[in-house]
Amino acid sequence: MLVGNTEPTSLTKSYPVVIQNILEYLNSVDHTTLALGRHKLPGFDDKKAWFVVLEYNKEPIENFKPEVHKYHSDLQIVLEGSETMAWSFDTGEHENADAYLEQRDLQFYKNVGVELNLIQATTNQFYLFTPNIVHITNIEDNSDQKVRKLVVKIHNDLLEVK
């Protein structure tokens, strides 16, 4: 898991190159005019990296199951509003709630035995959930404001250090 600022700072150069490139592109577009749904990332194979723009109302944590991905990392950026996110290391011992959804690269776990850490997710920050991180997002916080969020799906091949 990696948490950082979406705006260029002195630390930006310490992020993996693919994250630097994606943030540079995302900082060049007007987020307010992006349509909801899936978008291509210029310079990337659209099967290896893309992003989705979402808008939703937050819900209680009890409404969600912890999730994890095998082949992709989620780079989540709150564009408007705020939410609570939860995360935990994937110990490999969590019980599956459902069968693995191969087309979505998504495995849901049962809540039992998953000890979650909470994060207050706000604008101008990113949260990179790698495959070793179980996570839940879209969780209600102390604000009733609707959330507008951008989620970048990055194939783990692109995150390898070379």
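Checking each residue in segment 16-47 for being basic (K, R) and modelled with pLDDT of 95 or more picks out R38, K40. Within segment 124-137, the set of residues being more than 19 Å from F89 (Cα to Cα) and either modelled with pLDDT of 95 or more or of a type in the set (A, V, I, L, M, F, W, C) (or both) comprises Q125 only. For segment 1-25, filtered to residues that are part of a loop (DSSP other than H, G, I, E, B) and β-branched (V, I, T), the residue that is nearest to D74 (Cα to Cα) is T6.
Test G81 against the criterion of being touching a strand residue (DSSP E or B) at 6+ places or on another chain (Cβ under 7 Å) and not aliphatic (A, V, I, L, M), and give yes or no. Yes: the conditions hold for G81. Taking segment 26-44 as the range and being part of a strand (DSSP E or B) and surrounded by 14 or more Cβ atoms within 10 Å (Cβ to Cβ) as the test, only H39 passes. Reported count of residues in segment 19-78, each being free of Cβ contacts under 8 Å to residues at least 40 places away in the same chain, of a type in the set (G, A, S) and within 20 Å of L158 (Cβ to Cβ), is 2.
The values are calculated or read from the model by the stated rules, or taken from the named source; none is laboratory data. As the structure is a computational prediction, the values presented were derived from the model and not from experiment. Cβ sites come from the backbone with ideal geometry, for glycine too, and all protein chains shown count toward neighbours.
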